[in-house]
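The values are calculated or read from the model by the stated rules, or taken from the named source; none is laboratory data. Since the model is a prediction, treat every value here as computed from it, not as a measurement. FYI the Cβ positions are ideal-geometry reconstructions off the backbone, even for glycines, and counts take in every protein chain you see.
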Amino acid sequence: MPAGLPADPQVLVVMGVSGSGKSTVAAKVAERLGWIFADGDDFHSAANVARMRSGLALGETERSPWLAAIAAWIDAKLAEGRSAVIACSALKRPYRDALVRGRPEVRIAYLAGDRGVIAERLAGRSGHFMPASLLDSQLDALEPPGIDEHPIVVPITETPDHAAGLVIEGLAAPL
């Protein structure tokens, strides 16, 4: 375990729009630290996946149970005394609040990048339910984390390995 990381269990939420590299970077962080990894996409209902696959963005009604399921997973990992990393879009402040509020052991890492880079990545991706046509709605919804959220901000132009290293350094740095 890198120096500076708290010994107590913690959970890292790696956030950003679809195509920012959340799952890849989160999995690398979890692997390096020996933490549990989960992908927020796996918490979506079949109906949510079908909706997004058809090119429709989720509304608050669809998103609420998804965030509640992720928050319950976070609570379970902390109750088990296990550190974990989850990839989750968490595009708006209220969504992040649902995952972080009342949980001082939860940190946010934000993978930040511009539309052009993300669109290029989405165009080259296959087999994912989220179509590139929803990128603009995600960017419109995005509320980058504020300084008061103590985010670890990493540019998506970094390689996944380097981005994971920057996230780990951020976890070890004092708030």
Exactly one condition in (1) part of a loop (DSSP other than H, G, I, E, B); (2) buried (at least 20 other Cβ atoms within 10 Å of the Cβ); (3) at pLDDT 95 or above is false for Gly81; which is it?
(2)
Matching entry among Ala76, Ala72, Ala84, Ala47 (being among the small types (Gly, Ala, Ser) and within 23 Å of Asp136 (Cα to Cα))
Ala47
Selected residue (only one of Val29, Val14 is closer than 14 Å to Arg96 by Cα, in contact (Cβ under 8 Å) with a residue 60 or more places away in the chain and not acidic (Asp, Glu))
Val14
Every residue in the range 1-44 that is surrounded by fewer than 13 Cβ atoms within 10 Å (Cβ to Cβ) and at pLDDT below 85, please.
Pro2, Ala3, Gly4, Pro6, Ala7
